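Report on the structure given below.
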Amino acid sequence: MPKIAVWSLFLVLLGCALPQGQKPWTEGAKPRPGDPRESRLANLRQLTFGGENAEAYFSFDGKKLIFQSTRPPFACDQIFVMNANGRHQRLVSTGRGRTTCAYFFPDNRRFIYSSTHQGNPDCPPKPDLSQGYVWPLYPDYDIYLASLDDLTPRPLTQAPGYDAEATVSPKGDRIVFTSVRDGDLELYTMKLDGSDLRRITHEVGYDGGAFFSPDGSMLVWRASRPLPGPETEEYQRLLAQGLVRPFKLDIYVAAADGSNVRRLTDNGAANFAPFWHPSGNKIIFVSNLHQPRSRNFDLYLINVDGTGLERVTYFEDFDGFPMFSPDGKRLVFCSNRYNSKPGETNVFIADWRD
């Protein structure tokens, strides 16, 4: 049987082939008690229940969420879409390889994600943690474009090495992503069809997880800046093995062309997953600054000039990957709270109190 037919049959058996109707993973939102210290959040609801769910991002109309999840029958992350109330969850990636970092286009139909499926249909091996906690940079990751109307992925990048962490400008003109194509982990932008590639960052260290500001004029991202000597040598040694150690990351902003770079945090902690408030004046991000080198991550808010740091969540484990809805009325994030068993990460949504 041709591979295409086998894959289509597999999707039908999973109940994932058609865009309409109830899917096997449909749950719907479940109200959860809030923490009185989390005064910015109201009406907390849990949207996923079990597995490892992360990086849930709104469509530009605020009606849907696209996210990555490891859940049966998949052994590693695949891309799913659900309504913003948690219903009608369905698979939108191929089910092969490993995927990450999905994001909608402004038309709310097309979306991008990174996947290793073209290099190998199996899940890539997990990183060797004998060198401590590290993130893998799988060289088979490329960025693909698909649509809710046609799930067939089209490659936008085909350079050797890691291409991932892609997001789209609200202006609908460019994609920003992280790539190792020039020998270091740098930010690049390109048009929506993959053309007009431009390098944005030029310093030694990991630059990644970038998002455009609401008007598309600026970028915010996470970066490491190892000191010359042993720190830089370790960073480059790990990079040569396709690894990066995320113990010390800081939040940076710049113009969308990479000019006027400014550092917002310098606290010795792992600060990552920044996202813009719709006003363009504040940024929400994730940090373990209250317990550096621990897994106790919380959400923090900061002004775009680096002032006014405010703690948003207080859960004694992982809270991460925050994103405001386009109208600023809701916040979606991922958390270990209310787990049915250790190791689960689920998607939550709350009303935002400004």
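Just so you know, all these numbers are worked out from the coordinates, no wet-lab data involved. Predicted model, so just to flag it, every value in this text is computed and none were measured. All Cβ positions, glycine included, derive from the backbone under ideal geometry; neighbour counts span all protein chains shown.
Miscellaneous remarks
- 3J(HN,Hα) along segment 185-193, derived from phi through the Karplus expression 6.51 cos²θ - 1.76 cosθ + 1.60 where θ = phi - 60°, amounts to 7, 10, 8, 9, 10, 8, 5, 5, 9 Hz, with x in place of Gly and Pro.
- Only Cα pairs under 8 Å and 6+ residues apart enter the sum, and on that basis the relative contact order of segment 235-354 stands at 15 percent.
- Pairs of Cα atoms farther than 36 Å apart, segment 27-352, %: 10 percent
- Reachable lysines from LYS341, criterion Cα separation under 21 angstrom, eight or more residues apart if same chain: LYS30
- Principal axis dimensions, segment 48-120 - Cα atoms, whole angstrom, descending: 34, 26, 16
- The chain - percent relative contact order, Cα under 8 Å, separation 6 or more: 14 percent
- Spherically averaged projected area of segment 233-354 from its Cα convex hull (nm²): 9.3 nm²
- Segment 86-132 - Debye-derived log10 I(q)/I(0), Cα point model, q = 0.13, 0.19, 0.20, 0.26 Å⁻¹: -0.44, -0.76, -0.81, -1.02
- Value of [θ]222 nm, deg cm²/dmol, for the chain, DSSP H segments ≥ 4, -39500 (n - 2.57) each, nearest 500: -2000 deg cm²/dmol
- Per-residue Karplus couplings for segment 71-83, computed as 6.51 cos²θ - 1.76 cosθ + 1.60 with θ equal to phi - 60°, are listed in order as 8, x, x, 8, 8, 8, 4, 10, 9, 10, 10, 9, 5 Hz, Gly and Pro entered as x.
- Within segment 27-352, percent of DSSP bridges classed antiparallel, to nearest 5: 95 percent
- DSSP-assigned coil residues among GluC sites (Glu not before Pro) in segment 288-354, each with at most 12 further Cβ atoms within 10 Å: GLU316
- When you count the other C-beta atoms within 10 angstrom of each residue and take the mean per peptide, 240-252, 203-215, 265-277 line up highest first as 203-215, 265-277, 240-252.
- Positive-end residue of TRP135, GLY205, PRO73, charge dipole of segment 27-352 with Cβ unit charges: PRO73
- Global geometry of segment 133-206, whether rounded, prolate or oblate, following the gyration tensor of its Cα atoms and the 1.5 cut on a/c: oblate
- Take each peptide in 159-169, 323-333, count the other Cβ atoms within 10 Å of every residue, and average; sorted highest first, the result is 159-169, 323-333.
- Estimated dipole of segment 85-179 in Debye, rounded to 20 [Cβ of Lys and Arg +1, of Asp and Glu -1, Cα centre]: 320 debye
- Overall form of segment 50-201 per C-alpha gyration tensor (a/c, 1.5; a/b vs b/c): oblate
- Extension gain for ASN339-ASN260 works out to 24.2 nm (0.36 nm per residue, less the C-alpha to C-alpha distance).
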